[in-house]
Amino acid sequence: MKKLIYLSIAIFASIIIFNSCELENQNFDESLLIGTWKSGTEYYKYNDNGTGGTWDTGEDVTEEEAQAFTWSLIGAELTQIHVLEIGGSVPKIYTVLQLTSSTLKYEDDFGKMSTYTKVN
């Protein structure tokens, strides 16, 4: 019985390791990220100088009131550092699963996937 448990754990660990390595080796073209992306009422704007902003029209927040962030895309790792109005910053790190001229799909550390469509 112990051998079966150890074998199951080893197989599960192998699956996780090989799946995570696959995405780390992917390189996404960061120029595809430049522009405004939408999912429902949530928007993200990525500028070509590594800055951006996010807003949610469902909460009556406009682009002019967007929360500023800086961003970088290295391989499949998208890092956003949100600049707080009261000072300080909040880093958010995502794993990009798909990036095309019209679709952005990523996953956070908690396994939550988000999909956005480019609007310009």
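The values are calculated or read from the model by the stated rules, or taken from the named source; none is laboratory data. Please read all numbers here as calculations on a predicted model, not as lab measurements. Heads up, the Cβs are rebuilt from the backbone with ideal geometry, glycines too, and the neighbour counts pull from every protein chain shown. Heavy atoms of the whole protein, side chains included, go into the accessibility calculation; ligands, DNA and RNA do not. Shrake-Rupley method; radii C 1.70, N 1.55, O 1.52, S 1.80 Å.
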Within the stretch 99-120, can you find the residues that are surrounded by 11 or more Cβ atoms within 10 Å (Cβ to Cβ) and of a type in the set (A, V, I, L, M, F, W, C)? LEU99, LEU104, MET113, VAL119
Those residues of the stretch 33-50 which are assigned to a strand (DSSP E or B), open to solvent by less than 50 Å² (accessible area, probe 1.4 Å) and of a type outside the set (Phe, Trp, Tyr) amount to GLY35, THR36, SER39
Looking across the stretch 55-98 at residues that are in contact with an Asp or Glu (Cβ under 7 Å, 6 or more places away or on another chain) and at negative phi, the single one that is most open to solvent (accessible area, probe 1.4 Å) is ILE93
Of the criteria (1) modelled with pLDDT of 95 or more; (2) polar (S, T, N, Q); (3) in a loop (DSSP other than H, G, I, E, B), which one THR70 fails: (3)
May I ask you to verify whether GLY88 is at pLDDT below 95 and out of contact with any strand residue (DSSP E or B) (no Cβ under 7 Å at 6 or more places or on another chain)? yes
Out of the stretch 75-110, which residues are more than 11 Å from the chain's Cα centre (by Cα) and not in a strand (DSSP E or B)? GLY75, LEU84, GLU85, ILE86, GLY87, GLY88, THR100, SER101, SER102, PHE110
